[in-house]
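A.B. asks: Dropping a structure here in structure tokens format, bear with me for questions.
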Amino acid sequence: MKQYAIASLLFLLAAGFATGTAQAMDNGNWNHTDGPYGGSVWAVYVTPDGAILAGTLSHGVYLTTDDGENWLQSDLDDVSVYQFAKSSGETIFAATQNGVYRSGDNGRSWSRTSGGMDETRVQSVYVHQSGRVFAATLAGGIYMSENNGDSWSEANEGIPLKFAYAIGSHPDGELFAGVTNRMFRSADDGDTWTEAETDFPNVRANAIISNDDGDLFVATQAGIYRSEDQGESWSQTGNQFANSEILDLAVTRENYLIAGTREGVYRSTDNGNTWDAYGLSDHPVYAVGSGSGKVIVGGNPGVYIHR
């Protein structure tokens, strides 16, 4: 879902990735970790054991077990990583520009698992409650795996165009996918798809999430859209963003919403009705995540942790 901006950002990776002590920044309660330092981070994830994974442009996955004081590069070290997703077991998946990779040791080591994919520029990966794993690809639409990523097959029945950017689901299991500038839905675990109602705007979806109240939220090029009726209708939430292109969304354990934008982080504590600036206004924020009682974001450069 994020590959469209890579070309303009590759020059930022000339600086090396370093280790060291986390450095406090004058951005509210955000700490700028000392790594991966000097590059752009487009995916973040907190593992069950509290480690933080950072997916970078061109340099693969880095991880820290001490909240960013020190970073180690995993053996996935030469691809651009756009998203992480975890299965119900121990497997973590990574969406990359060279297919899907998976890890069984909390991100320390990775293996490529893209058999059956004719298009491997994967923008988003999602593990459904059925156990199926879905991958949204740049020009091949949706792929599905029923064996934890061992093999993949197309899952585009009902989708006419195949530029897919994001995938997620409602808590009841219904799947939603942002394809081209449309929203599609599947009530049969991805076997078939139909286009969502026309009041969803004609814009690209960058991320799709649901919260504890069962509402759906979609980050788009033109703000955040919410559905309170399982995708039957959609409305734009808030108008407080300095830049209306929303790049990622996350839900905290308090059921707050966190949004990453090209001009910092925003938070909503009222189900998306209003959004407050949450710091880092002078930074583009490409990825947001929550876990182990902390909010983490990836941007340019590096990873920030909210204390």
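A.B. asks: Taking the Cα centre of the chain as origin, sum charge times position over the Cβ atoms of Lys and Arg (+1) and Asp and Glu (-1), and report the length of that vector in debye to the nearest 20.
C.D. replies: That gives a dipole near 720 debye.
A.B. asks: From the phi of every residue in segment 251-260, what ³J(HN,Hα) in whole Hz does the Karplus formula 6.51 cos²θ - 1.76 cosθ + 1.60 yield, where θ is phi - 60° and glycine or proline is x?
C.D. replies: Values per residue, Gly and Pro as x: 10, 8, 5, 7, 6, 7, 9, 10, 10, x Hz.
A.B. asks: Would you mind counting up the charge near Gly158? Only other residues with Cβ under 11 Å from its Cβ, with Lys and Arg at +1 and Asp and Glu at -1.
C.D. replies: Taking every Cβ under 11 Å from that of Gly158, the sum is -3.
A.B. asks: Continuing with this model, one more query. Alpha carbon centre of segment 40-71 versus segment 221-297: separation in Å?
C.D. replies: Each part reduced to its Cα centre gives a spacing of 21 Å.
A.B. asks: Here is a follow-up. Report the net charge of residues surrounding Gln129, where surrounding means a beta-carbon distance below 10 angstrom and charges are Lys +1, Arg +1, Asp -1, Glu -1.
C.D. replies: Cβ neighbours under 10 Å give a net charge of -1.
A.B. asks: Whole Å is fine, so just give me how far the alpha carbon centre of segment 105-152 lies from that of segment 161-176.
C.D. replies: Using only Cα atoms, the two centres lie 14 Å from each other.
A.B. asks: Let me ask something else. Would you mind counting up the charge near Ser292? Only other residues with Cβ under 13 Å from its Cβ, with Lys and Arg at +1 and Asp and Glu at -1.
C.D. replies: Residues close to Ser292 contribute a combined charge of 0.
Read the figures in this text as sums done on the coordinates, not as results from a lab. Note that the coordinates shown come from a computational prediction; the quantities given were computed from them, not determined experimentally. With ideal geometry, Cβ positions are generated from the backbone for all residues, glycine too; neighbour counts draw on all protein chains shown.
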